[in-house]
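Have a look at the structure below, then the notes.
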Amino acid sequence: MTGKQQHSREQLMAEMLSIIRENPGIRPSEINRILGRPHTAHYRNLLIQEGLVRKERDGAKVRYYPEAI
């Protein structure tokens, strides 16, 4: 992975984390719309693995919340 690709990934994840912190309970489609990207599941899963956000089911819907720091 090149430096530019790494920076873009880190920048995208930081932006996504900020969006989730500002909008607790946000749905994936809303995150995608705000970021202007069709798919962000990989990055959301990385944030979950890093312990920064959590995913909760709300019936058939999925919502994302920031983890307490």
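Using a cutoff of 8 angstrom between alpha carbon atoms and counting only pairs six or more residues apart, the relative contact order for the chain works out to 34 percent.
Using 0.36 nm times the number of residues separating Asn32 and Gln11, minus their current alpha carbon distance, what extension gain do you get? Full extension from Asn32 to Gln11 adds 6.1 nm. With kT/(6 pi eta Rh) evaluated at 37 °C and eta = 0.692 mPa s, and Rh the Kirkwood radius from Cα pairs, the range 12-68 diffuses with a coefficient of 297 µm²/s according to Stokes-Einstein. Between Tyr65 and Asn23, the simple spin-label model (points 7 angstrom out along Cα→Cβ) gives 1.8 nm. With K and R counted +1 and D and E -1, the other residues having a Cβ less than 15 Å from that of Met16 yield a net charge of +3.
No value in this document is a laboratory result; all are computed from the given coordinates. This one's a predicted model, so the numbers in the text were calculated from it and none came from an experiment. Note that we place each Cβ from the backbone using ideal geometry, even for glycine, and neighbour counts take in every protein chain shown.
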